[in-house]
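Novice: The structure follows.
The values are calculated or read from the model by the stated rules, or taken from the named source; none is laboratory data. The structure presented is a predicted model; accordingly, all values stated were derived computationally and were not measured. Methodologically, a virtual Cβ is constructed for each residue, glycine included, from the backbone with ideal geometry; neighbour enumeration extends over all protein chains shown. The protein model used for the area step is the full one, side chains on, heavy atoms only, and it has no ligands, DNA or RNA in it. Shrake-Rupley method; radii C 1.70, N 1.55, O 1.52, S 1.80 Å.
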Amino acid sequence: MSLEAFHHSEPLTLGVELELQLVNTHDYDLAPYADDMLRLMARTPLPGSVVPEMTSSMIEVSTGICHSSSEVLGQLSQIRDALVKSADKLNIAVVGGGTHPFQQWHERRIYDKPRFQELSQLYGYLSKQFTIFGQHVHVGCPSADEALVMLHRMSRYIPHFIALSASSPYVQGHDTAFDSARLNSVFAFPLSGRAPCVLTWDQFEQYFDKMTRTGVVKSMKDFYWDIRPKPEFGTIEIRVFDTPLTIERAAALAGFVQSLAAWFLAEQPFTPAEDDYLVYTYNRFQACRFGMDAVYVDPATGGHMPLREHIVQTIDHIARHAGSHGASGALHMLRGEAAAGQNDARWLRGRMQDEQLLAEVIRQAAQRFRGTPP
């Protein structure tokens with residue numbers, strides 16, 4: 001199987017996908033209501049799409065093609081309002097967050113779709129453990145070669161994305177001590193991690209051909225990389241974000257990605273190299289484990305600094321690109337949270353400290369998602 005040609009897209013356009021939790025409203029455990037939600041959601045004309053995910057207690061929503069983070073927020077608002085209305089009819093709730101804090105993976109049901117059943121046969125219990133919830137952000141690229149260069153430039157900011165979106169401190173009823181425990185489940189898959197450091201589409205096609213000849217992969221869907229090219233859309237897709245607790249944060253994160261991409265295209269600030277990846281896994285672990293309190297190792301200089309400081313510096317550095325794409329408000333919000341060391345993982349832990357009951361934490365998180373105070 002040959003690699004699909006890289007399609008044209010408008011540079012810097014955005015698309016956002018959110019994987020969301022469906023919970024009942026008596027004990028706030030996950031509930032297998034995907035089919036019912038999909039049936040109800042199909043009655044409302046919406047931008048983007050609403051589709052099933054790996055297990056029957058989760059769904060994925062996506063925007064259409066957007067030009068700004070405010071447009072992302074507008075589309076997500078429509079989708080969110082329809083989700084809440086449908087969930088209320090079913091007496092369930094929709095929640096953000098990267099993991100459900102106390103669900104038991106062995107109770108999950110694989111959604112009845114051929115690809116999900118095939119993955120379940122291949123990966124065994126990992127498929128049910130993949131009841132985790134992420135945000136994916138697509139950004140349009142001018143060409144196939146520029147997409148690969150952008151992918152590897154963006155890789156330096158993977159820790160920033162993880163810390164800003166981290167919302168999965170609890171797994172199976174326990175505090176994991178990680179801000180993003182969700183990514184530990186992703187890392188268990190054999191084709192996760194980072195893309196090969198090639199900077200031309202010809203080289204990438206050669207890599208893809210070698211991989212398909214081994215029989216290990218059949219399509220780009222088989223790569224669970226942190227960032228992967230999506231030739232059918234003409235984008236790169238960033239996959240390390242936990243699903244935030246609010247659509248406002250989801251849209252702000254898309255604005256951050258767009259602003260970085262605009263900086264890359266306008267200024268070509270550095271040329272990616274294989275040596276960038278010497279500290280990649282360490283930086284990613286730090287961000288997953290410690291969130292805003294992580295240490296960031298600069299791939300270019302080897303210098304160490306608090307990740308939150310590097311996030312603030314980065315946002316300040318790209319501020320004029322954010323302004324020209326209508327993302328100033330989004331980045332201002334993220335900058336303030338980074339400076340204060342705040343993210344959704346910290347919010348969840350704060351609620352748990354106050355309530356001492358994870359079901360109540362999820363109830364309050366469901367209220368946050370619907371846009372009303374708990």
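Novice: Being closer than 21 Å to GLY98 by Cα, open to solvent by less than 30 Å² (accessible area, probe 1.4 Å) and in contact (Cβ under 8 Å) with a residue 40 or more places away in the chain, is that true of even one residue in region 211-227?
Specialist: There is at least one residue in region 211-227 that is closer than 21 Å to GLY98 by Cα, open to solvent by less than 30 Å² (accessible area, probe 1.4 Å) and in contact (Cβ under 8 Å) with a residue 40 or more places away in the chain.
Novice: A further question follows. So which residues in region 26-55 are within 21 Å of CYS66 (Cα to Cα) and β-branched (Val, Ile, Thr), if there are any at all?
Specialist: THR44, VAL50, VAL51 - these are the residues of region 26-55 that are within 21 Å of CYS66 (Cα to Cα) and β-branched (Val, Ile, Thr).
Novice: Could you list, in sequence order, the residues of region 340-350 that are surrounded by 20 or more Cβ atoms within 10 Å (Cβ to Cβ) and among the charged types (D, E, K, R)?
Specialist: ASP344
Novice: Would you say VAL198 is modelled with pLDDT of 95 or more, of a type in the set (Val, Ile, Thr) and in contact with a Phe, Trp or Tyr (Cβ under 9 Å, 6 or more places away or on another chain)? I'd like the intermediate steps shown before the answer.
Specialist: Numbers: modelled with pLDDT of 95 or more: yes; of a type in the set (Val, Ile, Thr): yes; in contact with a Phe, Trp or Tyr (Cβ under 9 Å, 6 or more places away or on another chain): yes.
Yes; evaluated as a whole, the condition is true for this residue.
Novice: For region 10-89, which strands (runs of 3 or more DSSP E) that fit wholly inside it have 2 or more residues that are touching a residue at least 60 places away in the same chain (Cβ under 8 Å)? Before the answer, list the steps.
Specialist: On the way: elements: 14-24, 49-52, 58-62.
Once the strands (runs of 3 or more DSSP E) in region 10-89 are filtered for at least 2 residues that are touching a residue at least 60 places away in the same chain (Cβ under 8 Å), what remains is 14-24.
Novice: If a residue must be open to solvent by 20 Å² or more (accessible area, probe 1.4 Å) and assigned to a helix (DSSP H, G or I), how many such residues does region 300-320 contain?
Specialist: Going through region 300-320 one residue at a time, the tally reaches 9.
Novice: Still on this structure: Select, from LEU22, LEU3, LEU12, the only residue that is over 24 Å from GLU118 (Cβ atoms) and open to solvent by less than 30 Å² (accessible area, probe 1.4 Å).
Specialist: After applying the criteria, what remains is LEU12.
Novice: Filter region 290-319 down to the residues that are of a type in the set (Ser, Thr, Tyr) and over 14 Å from MET154 (Cα atoms), then identify the one that is modelled with the highest pLDDT. Let's see the steps before the verdict.
Specialist: Residues of region 290-319 that are of a type in the set (Ser, Thr, Tyr), as a first pass: 296, 301, 314.
Next cut, over 14 Å from MET154 (Cα atoms) only: 296, 301.
Working: TYR296: 98, THR301: 94.
My answer is TYR296.
Novice: Could you list, in sequence order, all residues of region 287-298 that are open to solvent by less than 30 Å² (accessible area, probe 1.4 Å), of a type outside the set (A, V, I, L, M) and on the phi < 0 side of the Ramachandran plot?
Specialist: Of all residues in region 287-298, those open to solvent by less than 30 Å² (accessible area, probe 1.4 Å) come to 287-288, 291-292, 294, 296-297.
Right, trim to of a type outside the set (A, V, I, L, M) and you get 288, 291, 296.
The answer is CYS288, TYR296.
Novice: Name the residue, out of GLY336, GLY329, that is within 27 Å of PRO11 (Cβ to Cβ) and either open to solvent by less than 20 Å² (accessible area, probe 1.4 Å) or assigned to a helix (DSSP H, G or I) (or both). Talk me through it step by step, then tell me what you get.
Specialist: On the way: GLY336 fails: within 27 Å of PRO11 (Cβ to Cβ).
Step by step, each of GLY336, GLY329 is checked, and only GLY329 is within 27 Å of PRO11 (Cβ to Cβ) and either open to solvent by less than 20 Å² (accessible area, probe 1.4 Å) or assigned to a helix (DSSP H, G or I) (or both).
Novice: So, one more: What helices (runs of 4 or more DSSP H) lie completely within region 97-167 and have 3 or more residues being at pLDDT 85 or above, buried (at least 19 other Cβ atoms within 10 Å of the Cβ) and not hydroxyl-bearing (Ser, Thr, Tyr)?
Specialist: 144-154, 158-165
Novice: Turning to a different aspect of this structure: So which of ALA262, ALA287 ends up being of a type in the set (Gly, Ala, Ser), at pLDDT 95 or above and under 18 Å from THR176 (Cα atoms)?
Specialist: Result: ALA287 is the single residue among ALA262, ALA287 that is of a type in the set (Gly, Ala, Ser), at pLDDT 95 or above and under 18 Å from THR176 (Cα atoms).
Novice: Which of the residues spanning region 176-203 are surrounded by fewer than 19 Cβ atoms within 10 Å (Cβ to Cβ) and of a type in the set (Phe, Trp, Tyr)?
Specialist: Correct list: PHE187, PHE189.
Novice: Please enumerate the residues belonging to region 272-301 that are over 19 Å from the mean Cα position of the chain (by Cα), within 21 Å of LEU151 (Cα to Cα) and free of Cβ contacts under 8 Å to residues at least 60 places away in the same chain.
Specialist: Scanning region 272-301 gives ASP275, LEU278, VAL279, TYR282, VAL297, ASP298, ALA300, THR301.
Novice: Something else now. Tell me the residue from PHE233, PHE187, PHE204 that is hydrophobic (A, V, I, L, M, F, W, C) and more than 28 Å from GLY64 (Cα to Cα), please.
Specialist: From the options PHE233, PHE187, PHE204, the qualifying one is PHE187.
Novice: Here's a check for you: in region 199-238, which residue that is aromatic (Phe, Trp, Tyr) and assigned to a loop (DSSP other than H, G, I, E, B) is farthest from ASP275 (Cα to Cα)?
Specialist: Applying the filter and picking the extreme gives PHE233.
Novice: Taking GLY323, is it over 15 Å from LEU260 (Cα atoms) and open to solvent by less than 70 Å² (accessible area, probe 1.4 Å)? Even if it seems obvious, please write down each step before you answer.
Specialist: Numbers: over 15 Å from LEU260 (Cα atoms): no; open to solvent by less than 70 Å² (accessible area, probe 1.4 Å): yes.
Here the answer is no, as GLY323 does not meet what is asked.
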